Amino acid sequence: AGSIEGTVLEIGLTSTSMMSPEKLPFTVPNSLFSSQIIVNRSRAQWRVSVTKIPIRLEDIEKVPAVAEEIKAMLRSNPKVILETDAPYCYLSRLESSYGELVIGCILQKMRKDELIYAEQDILLGAARIIKSHGVEFGSTTQCC
């Protein structure tokens, strides 16, 4: 099966009751946990944010200037942790119809709703920078 995500409600002798992020209750046999990697996000000291943005191949030569400005924007964001690892922005791959710009940073520990808005702020800032350089977003799908 896939991954399991949720909040533990009760741990029993043979099964564990949980609540999904959509607030749906479910039960999991405890034997499942012996073969799974358990990630406890509530104890994490930070969150990693990585975003991939496709850009047109025609704009590839503008990537170095765009990447530097996006990194500066990330360094000035108060929710980005700089002590652990430097924020990054680079061209990660080239396909026949687009190039892929990867933007990543480590964010402070925050509630899920705050994390969503922090990531949205980063995306909007990156989009403004990309557009200000005259770069257009690419398409990851082939046409015709």
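The values are calculated or read from the model by the stated rules, or taken from the named source; none is laboratory data. It should be emphasised that the depicted structure is a prediction, and the values quoted were computed from it without experimental measurement. Glycine also receives a Cβ, built like all others from the backbone with ideal geometry; neighbour counts cover every protein chain displayed.
Worth pointing out:
- Lone unmet requirement of (1) closer than 28 Å to Gln108 by Cα; (2) free of Cβ contacts under 8 Å to residues at least 12 places away in the same chain; (3) in a strand (DSSP E or B) for Leu9: (2)
- Only one of the listed residues (Gln45, Gln36) is under 30 Å from Met18 (Cβ atoms), of a type outside the set (A, V, I, L, M, F, W, C) and under 20 Å from the mean Cα position of the chain (by Cα). That residue is Gln45.
- Selection within region 100-125 - out of contact with any Phe, Trp or Tyr (no Cβ under 7 Å at 6 or more places or on another chain), at pLDDT 95 or above and not aliphatic (A, V, I, L, M): Glu100, Cys105, Tyr117, Glu119, Gln120, Asp121, Gly125
- Residue count for region 88-97 satisfying the condition of being among the hydroxyl-bearing types (Ser, Thr, Tyr) and modelled with pLDDT of 95 or more: 3.
- Checking Ala72, Ala67 one by one, the residue that is hydrophobic (A, V, I, L, M, F, W, C), without any contact (Cβ under 8 Å) to a residue 12 or more places away in the chain and surrounded by 12 or more Cβ atoms within 10 Å (Cβ to Cβ) is Ala72 and no other.
- Residue match in region 125-143 (condition: among the acidic types (Asp, Glu) and either part of a strand (DSSP E or B) or surrounded by 18 or more Cβ atoms within 10 Å (Cβ to Cβ) (or both)): no
- Set Ile122, Ile116: member being aliphatic (A, V, I, L, M), surrounded by fewer than 14 Cβ atoms within 10 Å (Cβ to Cβ) and not assigned by TED's automatic domain parsing to the domain that holds Glu22: Ile116
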